[in-house]
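Note sheet for the following structure.
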Amino acid sequence: MVKIGRTTDIPRREASVFLAKAQEFLAASRDAAEAGQHDASMLAAVHAAIVANDAVCAALLGRRSADPDHQRAVDLLESAADHEEGISTRAKQLRSLLAKKNFVAYEARRATAAEARDGLERASRFVAWASEVLSRTRV
């Protein structure tokens, strides 16, 4: 069994608040990309996916991760596999985006335009999926 770390209970109806935040981060990522601000675009894209994950977990489980290690949030998502098809694939996508967060936030190198574009595309797909999940669960 995977340790999912610290979580907090959350009313399922609040999932839409997290989705709205994810969409806002995604818009900020697009704006930053258009302005040539690749690091900001990448980091906003990663945060969009993290918050979209919170929305999905709230909708499916009535919980979200409260652990400072974002990998535990992915573990929580994986624990929802009985509630939604394709969770494993989405978890891999989120782990891939989280790996990019480390170099943008903590390493002494800049994101390239191609990396920022890729991060934005991946986050866009993840947020769109989260929106579909919330629509199906009617929260």
query = What 222 nm value per residue comes from the helices of the chain, counting each DSSP H run with n ≥ 4 as -39,500 (n - 2.57) and dividing by all residues, nearest 500 deg cm²/dmol?
reply = -24000 deg cm²/dmol
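If you place +1 on the Cβ of every Lys and Arg, -1 on the Cβ of every Asp and Glu, and leave all else neutral, what size is the dipole of the chain about its Cα centre, to the nearest 20 Debye?
Working: 21 positive and 19 negative charges, 23 e Å.
It works out to roughly 100 debye.
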inquiry  = So for the chain, averaging the separation of alpha carbon pairs under 8 Å that are six or more residues apart and normalising by length, what relative contact order in percent results?
reply    = 35 percent
message = If the reach is capped at under 14 angstrom between alpha carbons, list the aspartates and glutamates near residue 92, excluding any in the same chain fewer than eight residues apart.
response = 75, 78
message = Once the convex hull of the alpha carbons of segment 10-137 is built, what does its volume come to per residue, in cubic angstrom?
response = 82 Å³
request  = In whole Å, largest first, what are the principal axis extents of the Cα atoms in segment 7-77?
outcome  = 38, 24, 13
query = Ordered by residue, what ³J(HN,Hα) values in Hz, to whole numbers, does segment 121-133 give under the Karplus form 6.51 cos²θ - 1.76 cosθ + 1.60, where θ = phi - 60° and Gly and Pro are x?
reply = 5, 5, 5, 4, 5, 5, 5, 4, 4, 4, 4, 5, 4
request  = Find how many whole Å separate the alpha carbon centroid of segment 1-59 from the alpha carbon centroid of segment 84-116.
outcome  = 12 Å
ask   = With each label point set 7 Å from Cα along the Cα-Cβ vector, what nm distance links residue 8 and residue 105?
value = 1.6 nm
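How long are the semi-axes of the ellipsoid equivalent to segment 40-99, from square roots of 5 times the Cα gyration tensor eigenvalues, in whole Å, largest first?
Each semi-axis is the square root of five times an eigenvalue, giving 18, 12, 10 Å.
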note = Stretched fully, the stretch from residue 137 through residue 69 gains (0.36 nm per residue minus C-alpha distance, one decimal, in nm) 21.8 nm
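Here, each number is a calculation from the coordinates, and none is a lab measurement. Since this is a predicted model, take the numbers as computed values, not measurements. Note that each Cβ is placed from the backbone with ideal geometry, even for glycine, and that neighbours are counted across all protein chains shown.
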